[in-house]
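Below is one structure, written out as structure tokens, with a few remarks after it.
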Amino acid sequence: MREKFGVLICVWIMLLGNCLGRFVVEENSLKVTSPGSIKGVYECAIGNFGVPQYGGTLVGTVVYPKANQGACKIFDEFDISFKSKPGGLPTFLLVNRGAFAILPDCFFTLKAWNAQKAGAAAVLVADNQDESLITMDTPEEKNASAKYLQNITIPSALISKSLGDSLKKAITFGEMVKISLDWTESLPHPDERVEYEFWTNSNDECGPKCDSQMEFVKNFKGAAQVLEQKGYTQFIPHYITWYCPEAFLLSEQCKSQCINHGRYCAPDPEQDFSKGYDGKDVVVQNLRQACFFKVANESRKPWLWWDYVTDFALRCPMKEKKYTKDCADKVIQSLGVDLTKIDKCIGDTEADEENPVLKAEQDAQIGKGSRGDVTILPTLVINNRQYRGKLDKGAVLKAICAGFQETTEPTICLSK
């Protein structure tokens with residue numbers, strides 16, 4: 001039950017090869033305006049769930065509960081509510097991370113959910129040891145079926161142990177602690193166009209994350225196409241692959257999960273080698289989607305990618321045994337994109353040679369500048385900063401809009 005951070009899986013997990021990568025923690029500012037003894041600006045790490053208020057600020061008063069200080073239980077059990085009264089400031093709930101770093105008391109997401117149900121407007125998680133800030137993330141896949149995960153809407157942030165101790169001390173002495181959370185500079189806005197990347201996967205059998213990822217693509221398609229067609233954004237889809245270590249190239253696992261002689265691999269969709277589709281099927285379909293974007297982009301119609309991905313998911317699902325080249329080709333032809341160019345881009349997946357498209361994808365996984373390595377699917381990167389928060393149409397659109405220079409926002413950003 002360990003939070004995910006800081007490790008780039010640079011070779012196939014099932015073969016136990018990995019390497020350390022560079023993970024950048026996205027931060028926003030936390031400003032304590034009272035009491036005077038701790039007044040100042042502090043850094044906090046944006047949680048990878050909930051809805052951060054990109055481009056905005058939120059002011060509230062901090063409450064540290066006398067019971068359930070880890071927020072691992074519902075506050076109704078303690079007859080506690082954090083709903084602000086009419087005319088009052090929103091409540092920011094301060095909770096403890098847990099007794100030990102290696103064995104947390106409960107998931108970050110459960111803390112946020114319990115705080116939200118009790119009426120808190122935001123949750124601040126105080127670290128339990130002096131260390132660099134990390135990104136609070138959602139549970140691993142086997143625990144991701146919890147229904148509350150997609151319903152968390154309040155923003156969350158991890159704060160340092162020292163700041164947490166100072167806030168607790170001030171509250172204990174009866175002082176009013178007032179804080180402003182500021183997301184206005186969480187995304188850079190260098191020009192009149194926002195550039196963003198979406199790291200995704202064509203696999204539709206990976207559980208709740210695949211479902212929420214596809215739901216986002218369907219819901220966001222209209223907004224994405226409007227922004228792209230009018231030149232407000234530049235969008236690029238990406239796909240993660242791993243390579244097979246040389247010592248295992250002849251193994252059955254590598255042969256079934258990789259293409260181009262172990263250069264590009266994906267885990268088995270069902271995590272069962274004896275049934276269903278193989279990892280190499282996923283790699284080929286990911287490559288087909290990447291090539292579709294490349295050809296559509298060269299035809300100056302990059303927004304067609306959204307149509308292809310949504311149509312493919314609807315018409316060619318794994319569970320109906322339609323996750324095939326024939327089904328994909330029919331979708332491509334229905335969109336009027338040159339199929340021969342896509343086939344040429346895909347090339348020979350059995351050849352002992354590099355594929356230029358997938359080689360570029362592997363290179364792009366490595367972080368540069370202010371962006372860390374991409375290690376988790378799905379991942380959204382806006383103006384070279386990794387988006388943190390719920391993968392939701394409204395939340396993502398708000399973040400993209402925050403990436404425009406002031407007064408240059410398109411109309412879609414100025415309407416509800």
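Checking the structure you have, find out if any residue of region 310-319 is open to solvent by less than 70 Å² (accessible area, probe 1.4 Å), free of Cβ contacts under 8 Å to residues at least 40 places away in the same chain, under 30 Å from residue 259 (Cβ atoms) and in contact with a Ser or Thr (Cβ under 9 Å, 6 or more places away or on another chain).
Yes.
Can you tell me which residues in region 193-236 are without any contact (Cβ under 8 Å) to a residue 12 or more places away in the chain and either among the charged types (D, E, K, R) or not assigned by the TED database to the domain that holds residue 275 (or both)?
Keep residues of region 193-236 that are without any contact (Cβ under 8 Å) to a residue 12 or more places away in the chain, which gives 210-211, 215, 222.
211, 215, listed by residue number.
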Qualifying helices (runs of 4 or more DSSP H) (wholly inside region 335-416; at least 1 residues being hydrophobic (A, V, I, L, M, F, W, C) and either open to solvent by 70 Å² or more (accessible area, probe 1.4 Å) or within 19 Å of residue 294 (Cα to Cα) (or both)): 339-346, 356-365
Go through the residues of region 206-225 one by one and say whether even a single one is at pLDDT below 90, part of a loop (DSSP other than H, G, I, E, B) and closer than 30 Å to residue 298 by Cβ. no
The correct count of residues that are within 28 Å of the chain's Cα centre (by Cα), within 21 Å of residue 322 (Cα to Cα) and among the hydroxyl-bearing types (Ser, Thr, Tyr) in region 257-280 is 1
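Would you be able to say whether some residue in region 184-191 is in contact with a strand residue (DSSP E or B) (Cβ under 6 Å, 6 or more places away or on another chain) and either modelled with pLDDT of 95 or more or of a type in the set (Phe, Trp, Tyr) (or both)?
Of the residues in region 184-191, the ones in contact with a strand residue (DSSP E or B) (Cβ under 6 Å, 6 or more places away or on another chain) are 186-187.
Filter once more, keeping what is either modelled with pLDDT of 95 or more or of a type in the set (Phe, Trp, Tyr) (or both): none.
No.
The values are calculated or read from the model by the stated rules, or taken from the named source; none is laboratory data. As the structure is a prediction and not an experimental result, all values here were calculated from the model. Cβ sites come from the backbone with ideal geometry, for glycine too, and all protein chains shown count toward neighbours. Protein only, heavy atoms only, side chains kept; ligands, DNA and RNA dropped before computing areas. Shrake-Rupley method; radii C 1.70, N 1.55, O 1.52, S 1.80 Å.
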